[in-house]
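The next block holds one structure in the form of structure tokens; read it before the comments.
The values are calculated or read from the model by the stated rules, or taken from the named source; none is laboratory data. Bear in mind that the values here come from a model prediction, so they are computed numbers and not experimental data. Cβ placement follows ideal geometry from the backbone for every residue including glycine, while neighbour counts extend to all protein chains displayed.
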Amino acid sequence: MQLTYYGHAAFQIDTGRAKILFDPFISGNPHTADVVTADELSPDVIVLTHAHGDHWGDTMDIARRSGALVVANIEITNYVQANGHDHVHPMNTGGASNFEWGRLKQTYACHSSSFPDGTYGGNPNGYLLEVANRCVYAAGDTCPFAEMAWIGEDHAIDVALLPIGDCFTMGPEDSIRAARMLRPALVVPVHYNTFPAITADIGKWKALMDEAGFAARILSPGDVLTM
Ligand code: NI
Ligand code: MN
């Protein structure tokens, strides 16, 4: 199983059976400029944490071309259907669904959610993805929240993707608190250094994680993590 990071909060999991693309903000993402274009992505599944433009991104274009199943909260899947793509799987916070390639659970995220055109996007979410005895937690845009301790107790997380850019989500120090609750085998930082408002000293962040005793891996856009 491989995880390819595209920068900001966009990444794709290739299970060997299915390509699962999360938050495909590709066009206009300065991190993806020399790495990938939206036209080059043909996922089987697109998973969305929320409707903000830096996550929604190229969803409609990629979904229409590839025929991908779009998994998101029901407000987002309604919007996708209203835009003419019917292959959707609506969910809501706390619910899990089994697919032929694995299992997805929508977790709580403390943030907001609206589409670039202002349409209400429902509540934001994170996801637990369980595939072939591996567990990936994508926190989505959020601050740390106390129930992360339950997620950590109930799941042996192999990789946790945590936002660390501050301003719109948790920052570096708070990501340590999140890791203490989640206890993942590996932390991957996302949602930083894309825009001036979320500039982070990633070396300092790594040092904080090291000091707290957590394995951390900084992925550059285009890097592939094999699990
Ligand atoms: Ni957001
Ligand atoms: Mn965001």
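General remarks:
- Test: residue in the stretch 114-135 that is touching a Gly at 6+ places or on another chain (Cβ under 8 Å) and modelled with pLDDT under 95: yes
- Condition met for V190 (modelled with pLDDT of 95 or more and under 19 Å from L208 (Cα atoms)): yes
- Qualifying residue in the stretch 211-224 (condition: assigned to a strand (DSSP E or B), over 23 Å from D154 (Cα atoms) and at pLDDT 95 or above): yes
- Scan of the stretch 12-25 for residues that are more than 16 Å from ligand 1 (Cβ to nearest atom) and either touching a Ser or Thr at 6+ places or on another chain (Cβ under 6 Å) or more than 23 Å from F99 (Cβ to Cβ) (or both), ordered by number: Q12
- Checking the stated criteria, I13 turns out not to satisfy the condition of being of a type in the set (A, V, I, L, M) and over 19 Å from V188 (Cα atoms).
- For beta carbons closer than 6 Å, sequence separation of 6+ or different chains, a first residue in the stretch 1-25 that is touching a residue at least 40 places away in the same chain (Cβ under 8 Å) and in a strand (DSSP E or B) and a second that is of a type in the set (S, T, Y) and surrounded by fewer than 18 Cβ atoms within 10 Å (Cβ to Cβ), the qualifying pairs are Q2/T226.
- Subset of the stretch 97-120 (residues that are of a type outside the set (A, V, I, L, M), within 16 Å of the chain's Cα centre (by Cα) and within 16 Å of ligand 1 (Cβ to nearest atom)): Q106, T107, Y108, C110, H111, S112, S113
- Checked against (1) more than 23 Å from T32 (Cα to Cα); (2) over 17 Å from the mean Cα position of the chain (by Cα), V131 meets all criteria but (2).
- Listed conditions (1) of a type in the set (G, A, S); (2) within 15 Å of ligand 1 (Cβ to nearest atom); (3) more than 23 Å from A197 (Cβ to Cβ) are all met by G94, apart from (2).
- Restricting the search to helices (runs of 4 or more DSSP H) fully inside the stretch 31-86 and requiring at least 2 residues that are under 23 Å from T142 (Cβ atoms) gives 53-56, 74-82.
- Single residue of the stretch 136-177 satisfying the filter (small (G, A, S) and more than 16 Å from ligand 2 (Cβ to nearest atom)) that is nearest to the chain's Cα centre (by Cα): A160
- Residues located in the stretch 27-61, provided they are hydroxyl-bearing (S, T, Y), buried (at least 18 other Cβ atoms within 10 Å of the Cβ) and away from ligand 1 (no atom under 16 Å from the Cβ): T32
- Filter pass, Y120 being away from ligand 2 (no atom under 16 Å from the Cβ), over 17 Å from H191 (Cβ atoms) and touching a strand residue (DSSP E or B) at 6+ places or on another chain (Cβ under 8 Å): yes
- Top-ranked residue of the stretch 90-106 - restricted to ones that are surrounded by 15 or more Cβ atoms within 10 Å (Cβ to Cβ) and not hydroxyl-bearing (S, T, Y), ranked as nearest to G140 (Cα to Cα): Q106
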